[in-house]
Amino acid sequence: MKKASLILSVDLGTTGNRAMAFSQEGFCRASSYAEFTQIFPHPGWVEHDPELLWKTALKVIQEVVQKVGADSIYAIGITNQRETTLIWNKHTGKPVYNAIVWQCRRTSALCKQLKPYAPIIKQKTGLFLDPYFSATKIQWILDTLPQARLQAEKGDLLFGTVDTWILWKLTGGKVHATDPSNASRTMLYNIHTLSYDPELLNIFHIPAHMLPEVRPTFGPFGMTDKAVLHSEIPIMGVIGDQQAAFFAQGGWEEGVVKNTYGTGLFVVASTGDLVPESGKLVNTIAWQQNKKVTYAVEGSIFIGGAAIQWLRDGLGIIQHASETEPLAKTLKDNEGVYFVPALTGLGAPYWVPEARGILTGLTRGTGKAHIVRAALESMAYQTRDVIEEIQAMGVSIDQLKVDGGACKNHFLMQFQADLLAIPVEKPKMEETTAFGAAGVAGIASEFWTYASFSKCRKRDSLFTPSMIESERNRLYSGWKEAVQKCL
């Protein structure tokens with residue numbers, strides 16, 4: 001019998017599922033990835049097939065277990081795309097509808113109707129009344145599908161985000177649970193009382209018995225079912241994807257802020273045991289260990305790396321993202337050209353869904369390089385907008401930890417450090433979300449201590465600010481002017 005020496009992390013993403021086995025030194029010993037189909041029934045609607053989510057999750061888990069052997073796995077951690085909504089029959093295990101994805105905007109009209117409740121929703125949940133979050137998606141399914149509301153009221157239906165669905169399947173239907181990092185994104189969970197709020201359930205007409213039990217992020221969450229994985233392995237952690245990436249970056253240490261440069265940008269800062277008060281950012285729960293809850297603020301920026309995809313697929317001015325760095329470097333600065341990428345409205349800290357993107361400062365001398373550089377710089381400017389909001393709340397920031405695809409662009413990372421006047425650190429481990437889930441499960445199962453997990457974090461590069469203050473202020477005020485034009 002091999003000694004259990006690995007943590008298995010299951011990363012349930014928006015476009016695919018991944019499993020990775022990490023050693024005590026933090027090295028990945030085996031991994032597997034499977035994409036699944038995105039379903040777009042109408043403009044602005046996004047769905048996933050729940051059975052395909054489960055099949056691909058099981059496939060990648062089984063492949064990694066096969067590579068390393070089930071007896072080498074000490075515990076499992078799960079991380080997931082948040083807010084995505086599934087409802088299934090608890091007797092048959094059959095979903096009543098496709099999973100409605102976090103990006104889906106189908107409940108915009110419902111959110112408009114519920115606008116009078118927006119202040120109370122923000123006060124109790126820390127969230128803005130928005131189609132992003134799960135509550136209006138649940139209401140839509142119950143109101144739209146014949147018999148769904150009746151079945152829900154009879155106690156036949158269960159709701160879950162993707163973590164809950166996969167956990168339910170992995171445990172053979174024995175565990176219907178989630179953690180506060182995910183529950184706090186449903187728009188039904190009161191982050192002050194740490195429970196589902198009866199008034200909110202009433203507003204959205206959702207029966208309480210559909211909802212998963214909320215357990216601390218740091219497990220236990222039951223055992224894998226023998227019929228499913230042929231072995232019983234403890235599931236010791238469940239955490240939402242942005243919180244997992246933040247944990248992997250050492251988010252429990254003071255002064256740490258992380259930004260994920262993906263399709264959008266997600267800036268997260270811990271506020272410790274204080275519930276943050278911010279009118280412009282989302283207040284959320286980072287994680288819970290035993291009875292101790294750690295709170296965070298999060299700035300969700302809608303368009304980050306998607307601006308580069310648009311240059312490639314929409315405008316056709318680049319063939320590949322890797323061309324952007326050398327192109328940007330052909331200019332000494334932006335020469336007054338700014339791009340405000342409000343291609344799907346503006347997110348944090350503006351929250352103007354009607355805003356549309358603009359390019360400003362164009363002259364006869366403006367070329368491809370200016371537009372590319374402006375698109376890259378827009379990620380850094382939007383990040384500073386959110387960081388300033390976090391600093392205004394009294395959170396001190398010593399360093400920005402970064403992850404996500406656009407971090408490979410060293411021009412962008414250096415410009416980010418210059419614009420913020422704080423160092424930017426990129427880690428060696430690119431799969432920070434999976435690594436964070438492993439960390440949570442590993443600490444919960446005493447595979448790691450906080451100190452030994454910290455030692456696994458290796459720096460790839462550090463970008464230190466070198467721009468003079470007057471230049472930084474000049475560039476940033478040009479950005480603020482461009483945003484005003486956009487608004």
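The values are calculated or read from the model by the stated rules, or taken from the named source; none is laboratory data. These numbers come from a predicted model, not from an experiment. Here Cβ is always computed from backbone atoms with ideal geometry, including for glycine, and neighbour counts include all displayed protein chains.
For this structure, a couple of remarks:
- Condition check for GLY250: modelled with pLDDT of 90 or more and on the phi > 0 side of the Ramachandran plot: yes
- Listed by position, the strands (runs of 3 or more DSSP E) contained in the range 274-353 that have at least 1 residues being within 30 Å of MET236 (Cα to Cα) and of a type in the set (Lys, Arg) are 292-301.
- Single unsatisfied condition, ALA244 versus (1) touching a helix residue (DSSP H, G or I) at 6+ places or on another chain (Cβ under 6 Å); (2) among the aliphatic types (A, V, I, L, M); (3) under 24 Å from SER378 (Cβ atoms): (3)
- Any hit, the range 35-50, residues being of a type outside the set (Gly, Ala, Ser) and modelled with pLDDT of 95 or more: yes
- Screening the candidates ALA348, ALA342, ALA321, ALA374 for the property of being more than 23 Å from the chain's Cα centre (by Cα) and touching a residue at least 40 places away in the same chain (Cβ under 8 Å) yields one hit, ALA374.
- Search result, residues across the range 431-449 that are of a type in the set (Gly, Ala, Ser) and within 12 Å of CYS28 (Cβ to Cβ): ALA434, ALA438
- Checking the stated criteria, GLU446 turns out to be in a loop (DSSP other than H, G, I, E, B), more than 22 Å from TYR338 (Cα to Cα) and over 24 Å from the mean Cα position of the chain (by Cα).
- Residues of the range 431-468 that are charged (D, E, K, R) and touching a helix residue (DSSP H, G or I) at 6+ places or on another chain (Cβ under 9 Å): GLU431, ARG457, ASP460.
- Test: residue in the range 9-23 that is assigned by TED's automatic domain parsing to the domain that holds ILE100, in a loop (DSSP other than H, G, I, E, B), buried (at least 16 other Cβ atoms within 10 Å of the Cβ) and at positive phi: no
- Unique match (being among the hydroxyl-bearing types (Ser, Thr, Tyr), without any contact (Cβ under 8 Å) to a residue 60 or more places away in the chain, more than 20 Å from VAL293 (Cβ to Cβ) and not assigned by TED's automatic domain parsing to the domain that holds VAL282) among THR193, THR144: THR144
- Considering the range 349-404, and only residues there that are β-branched (Val, Ile, Thr) and more than 26 Å from GLY251 (Cα to Cα), the residue that is surrounded by the most Cβ atoms within 10 Å (Cβ to Cβ) turns out to be VAL372.
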